[in-house]
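Have a look at the structure below, then the notes.
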Amino acid sequence: MSEISIEPVTRIEGHARITIFLDEKGEVRDAHFHVTQVRGFERIAQGRPVHEMPALMARICGICPVSHLIASAKACDEVLGVAVPPVAVRLRRVMNLAQIVQSHALSFFHLSSPDLLLGFASPPQSRNLAGVLGRAPELARDGIALRRFGQEIIERLGGKRVHPAWVVPGGVSAPLQPEQRDAILAAVPDARARAQRTLDWFKANLADWAEEAARFGNFPSLYMGLVHPNGNAAYSDGDLRIIDAHGERLVDRGDPRRYQDYFGESVEPWSYLKSAYYKPLGYPDGLYRVGPLARLNLVDQLGTEAADQELAEYRGRLGRYPSSSFHYHWARLIEVLHGIDMVEELLADPEILGTDVRARAAVNRTEGVGVSEAPRGTLFHHYRVDSDGIVQWVNLVIATGHNNLAMNKAVAQVARHYVKGPDVEEGALNRVEAVIRTYDPCLSCSTHAVGQMPMLVDLVGPDGSLVRSLRKD
Amino acid sequence: MSEVRTLVIDGHDVAATADQTVLSAARENGIHIPTLCHLQGLSDIGACRLCMVELEGSPRLVASCVTRVEEGMRVTTVSERLNAYRRRVVEMFFLERNHVCAVCVANGSCELQGAARDLGLDHFELAPLHPEVAVDATHERFVLDQNRCILCSRCVRVCAEVEGAHTWDIQGRGADARLVSDLGTPWGSSTTCTSCGKCVQVCPTGALFEKGRSVAEPKARRPYLPYLVDHSRA
């Protein structure tokens, strides 16, 4: 007879609300994850010169502006019809990896570690990073330091931590200076030690979260992401790969420009966030996941030694294709380690200091698609311009849109297990939120929000009436 | 040789020739008066109203760039009244069009942004107009973004007075005034434009810029433009 509402959903990036629908017996019938914000960047971009796109599109998000910079610049590269100088390709790669490290640190330490360390049902007043700092100061400090490591690389490359305008159509605007490279390399050993320490802590405590691991969005699905032709992880370049729950390759070496052949987007009246689905299976059966869990399932190997050892242990303990969204956390930590090692590998090559970093050209094509792996998953920017280079049409497909169907399914799964009737405990509702956090959704990006991260949960009865509403700020 | 006039600016005794403006006399004596439409070497038109000063004995403010010095004149260039006036002028420049510094090619080197910073303009009190105005990217090398134009007309003057092409003009009045090339034809089909780029060089904002430049990638700023400056006065 009721509906539970969690609003606002906390410790996520953006504004959202969860509605849990109950049947006559008080059992959960269904649940919806609503994104309640809209931004409209696809419209804002219309009429602007295409060379402005990377910096304009980076403003979609303050957490992963770099992913947008790279996807946007790649779309512009196509519009210009230029070959980006190899040094610039690698420099863009370094910046994207730095961004993945800092964003993953934010997701894991600042947003999710309070649940993991203090308990999903611990008092909400202290279930935050300050609470983590009180209980395990080392863990909290590692999180802050890893985020700083990534942010400082972005600043050293692009001149500022948030919204650097350094990634431009045709390459990057300035070459890397030796002293900046040396400063980044000097910070690598400390970052690596912190990433490894966090991984060791997570693995040692994994058994404590067995219940959550079994029920947090644990279902078979497809996975999509970019993979290097040699099977390594690819974040800024690479081809599309889509596999099913057993690793069968449905798409391999797919051309990202043909993304519209692979997936479609559906709109539901109860959310501003579109739901992407794999076209051959249709909506909503074509559910797939992107992001760290998907990437680790997709790649043959990551491509750096320490991370591949961690990947082997991950696959050894969870199986080759782990299906629980809870394991996004572990996958994220392995990617942090991989990101740090890749940054070191890229910067160790003296050619990284090359000064040929920008190809210049006028508009030579009227359409371009750019793709990158954002921390949360695959990101597409698709532009059409007129012959003067004025943007006519934009389509953005964001990681959180790819994951929308999976997030809704995960929310329903967790709610079914933990919510029994309208008199539900706060700790149970926090688990409903926590499963959303595993995906680290970025609602600012995906609806193309301003402000903090509130969440609302509504409990709705079978007659459609609102039985209970829970709001958290 | 013009006759010499003596006047007082901000309490300093100043000498200037009779053909000099108050602005020119002030600058020669190291007294700063903010400007946007003025550019040394071009004619002055008193369009931006930023260089307003107080004259003793006159209830109204005057634009120092188009006011000749007079014997015994007593000029005040800094006062609370002037600051409030200038802040409001700059505020209205921002609100009349769509100035988004964060994604502007001139970010960090824009004279409008600089004026706002110098005057301590940190918020707007009036409502923005948000006009829908066009971007003209038809020229092969340059772009005109009307969103960032403050109608200072430096481009109009440099094109007419220095290049001799007179491609640019201001069409319409008040809030409907727009910079136009060749009486309203797209810049790319202009038959008078010589593509010399002087208009782009003198634009104080990001309204005129080189195609392909990204955000915060300004043109090279020179301390002066050699073809503009009257070296006898520089």
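The values are calculated or read from the model by the stated rules, or taken from the named source; none is laboratory data. Since this is a predicted model, take the numbers as computed values, not measurements. Note that each Cβ is placed from the backbone with ideal geometry, even for glycine, and that neighbours are counted across all protein chains shown.
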Taking segment A:83-113 and keeping residues of a type in the set (Val, Ile, Thr) and surrounded by fewer than 24 Cβ atoms within 10 Å (Cβ to Cβ) leaves A:Val84, A:Val87, A:Val89
Residue check, B:Val90 surrounded by 18 or more Cβ atoms within 10 Å (Cβ to Cβ), away from every other protein chain (no Cβ under 14 Å) and of a type outside the set (S, T, N, Q): yes
Filtering segment A:334-362 down to residues that are among the small types (Gly, Ala, Ser) and either more than 19 Å from A:Lys74 (Cα to Cα) or more than 14 Å from chain B (Cβ to nearest Cβ) (or both) yields A:Gly339, A:Ala348, A:Gly354
Those residues of segment A:40-80 that are more than 11 Å from every other protein chain (Cβ to nearest Cβ), modelled with pLDDT of 90 or more and over 18 Å from A:Arg257 (Cα atoms) come to a total of 1
Per the filter on segment A:225-255, residues under 21 Å from A:Ile100 (Cβ atoms), part of a strand (DSSP E or B) and not β-branched (Val, Ile, Thr) are A:Gly225, A:Leu226, A:Ala233, A:Asp239, A:Leu240, A:Arg241
Screening A:Arg365, A:Arg437, A:Arg384 for residues that are among the basic types (Lys, Arg), part of a helix (DSSP H, G or I) and more than 14 Å from every other protein chain (Cβ to nearest Cβ) leaves only A:Arg437
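Here's the yes/no breakdown for (1) modelled with pLDDT of 95 or more; (2) more than 26 Å from B:His32 (Cα to Cα); (3) out of contact with any Cys (no Cβ under 8 Å at 6 or more places or on another chain):
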| site | (1), (2), (3) |
| --- | --- |
| B:Val78 | yes, no, yes |
| B:Asn83 | yes, no, yes |
| B:Val90 | yes, no, yes |
| B:Ala127 | yes, yes, yes |
| B:Cys155 | yes, no, no |
| B:Thr167 | yes, yes, no |
| B:Ile170 | yes, yes, yes |
| B:Leu179 | yes, yes, no |
When you scan segment A:177-192, do you find a residue that is more than 14 Å from every other protein chain (Cβ to nearest Cβ) and closer than 24 Å to A:Glu52 by Cβ, even just one? no
| Could we say that A:Ser113 is in contact with a His (Cβ under 7 Å, 6 or more places away or on another chain), among the hydroxyl-bearing types (Ser, Thr, Tyr) and at pLDDT 90 or above here? | no
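Any chance you could count how many residues in segment B:93-107 are aliphatic (A, V, I, L, M) and away from every other protein chain (no Cβ under 14 Å)? Please lay out each step first, then the result.
Applying the first criterion (aliphatic (A, V, I, L, M)) to segment B:93-107 yields B:95, B:100, B:102-103, B:105-106.
Among the residues that remain, those that are also away from every other protein chain (no Cβ under 14 Å) are: B:95.
Residues that pass the stated criteria total 1.
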Among residues of segment B:134-150 being surrounded by fewer than 19 Cβ atoms within 10 Å (Cβ to Cβ) and more than 22 Å from A:Pro169 (Cα to Cα), the residue farthest from the other protein chains (Cβ to nearest Cβ) is B:Gln146
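Looking at this structure, is A:Gly26 within 14 Å of chain B (Cβ to nearest Cβ) and not in a strand (DSSP E or B)? Steps first, please.
Working: within 14 Å of chain B (Cβ to nearest Cβ): no; not in a strand (DSSP E or B): yes.
Against the criterion (within 14 Å of chain B (Cβ to nearest Cβ) and not in a strand (DSSP E or B)), A:Gly26 does not qualify.
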By residue number, the members of segment B:160-189 that are touching a His at 6+ places or on another chain (Cβ under 7 Å) and surrounded by fewer than 17 Cβ atoms within 10 Å (Cβ to Cβ) are B:Gly188
- Task: With respect to B:Val158, determine if the residue is over 30 Å from B:Asp10 (Cβ atoms), in a helix (DSSP H, G or I) and of a type in the set (Val, Ile, Thr).
- Result: yes
The one condition A:Gln46 fails out of (1) closer than 30 Å to A:Arg468 by Cβ; (2) not in a helix (DSSP H, G or I) is (1)
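Just to be sure, is A:Pro189 part of a loop (DSSP other than H, G, I, E, B) and not acidic (Asp, Glu)? Quick ask: steps written out before the conclusion?
Numbers: part of a loop (DSSP other than H, G, I, E, B): no; not acidic (Asp, Glu): yes.
Taking the combined requirement at face value, the residue does not satisfy it.
Taking segment A:387-430, which residues are in a loop (DSSP other than H, G, I, E, B) and β-branched (Val, Ile, Thr)? I'd like the intermediate steps shown before the answer.
Let us first name the residues in segment A:387-430 that are in a loop (DSSP other than H, G, I, E, B), namely A:387-389, A:398, A:403, A:419-425.
Matches in segment A:387-430: A:Ile398, A:Val419, A:Val424.
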(1) within 20 Å of the chain's Cα centre (by Cα); (2) within 14 Å of another protein chain (Cβ to nearest Cβ); (3) not aliphatic (A, V, I, L, M) all hold for B:Pro186 apart from (1)
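Would you list the helices (runs of 4 or more DSSP H) that sit entirely within segment A:83-162 and hold 3 or more residues that are under 28 Å from A:Glu344 (Cβ atoms)? Let's see the steps before the verdict.
On the way: elements: A:86-105, A:113-118, A:129-135, A:137-158.
Helices (runs of 4 or more DSSP H) meeting the threshold: A:86-105, A:137-158.
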Residue pairs qualifying under the 6 Å Cβ cut-off, at least six apart or on distinct chains, with the first in segment B:157-176 being on the phi < 0 side of the Ramachandran plot and the second being of a type in the set (Lys, Arg), are B:Val158/B:Lys198; B:Glu163/B:Lys198; B:Gln171/B:Arg178
All-but-one check, A:Pro350 against (1) buried (at least 16 other Cβ atoms within 10 Å of the Cβ); (2) of a type outside the set (A, V, I, L, M); (3) closer than 24 Å to A:Asp190 by Cα, failing number (1)
Exception for A:Val414 within (1) more than 14 Å from chain B (Cβ to nearest Cβ); (2) modelled with pLDDT of 95 or more falls at (2)
Picked from segment B:24-54 (must be among the β-branched types (Val, Ile, Thr) and under 13 Å from B:Asp10 (Cβ atoms)), the residue surrounded by the fewest Cβ atoms within 10 Å (Cβ to Cβ) is B:Ile31
(1) away from chain B (no Cβ under 14 Å); (2) within 27 Å of the chain's Cα centre (by Cα) all hold for A:Glu425 apart from (2)
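With respect to B:Glu70, is the statement that it is surrounded by fewer than 16 Cβ atoms within 10 Å (Cβ to Cβ), part of a loop (DSSP other than H, G, I, E, B), more than 14 Å from chain A (Cβ to nearest Cβ) and of a type in the set (Asp, Glu) true? If you could, list the steps in order and put the result at the bottom.
On the way: surrounded by fewer than 16 Cβ atoms within 10 Å (Cβ to Cβ): yes; part of a loop (DSSP other than H, G, I, E, B): yes; more than 14 Å from chain A (Cβ to nearest Cβ): yes; of a type in the set (Asp, Glu): yes.
When the stated conditions are applied, B:Glu70 passes them.
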With criteria (1) out of contact with any helix residue (DSSP H, G or I) (no Cβ under 8 Å at 6 or more places or on another chain); (2) closer than 24 Å to A:Ala58 by Cα, A:Pro164 comes up short on (1)
Within segment A:174-218, the residues that are among the acidic types (Asp, Glu) and more than 25 Å from the chain's Cα centre (by Cα) are A:Glu179, A:Asp182, A:Asp208
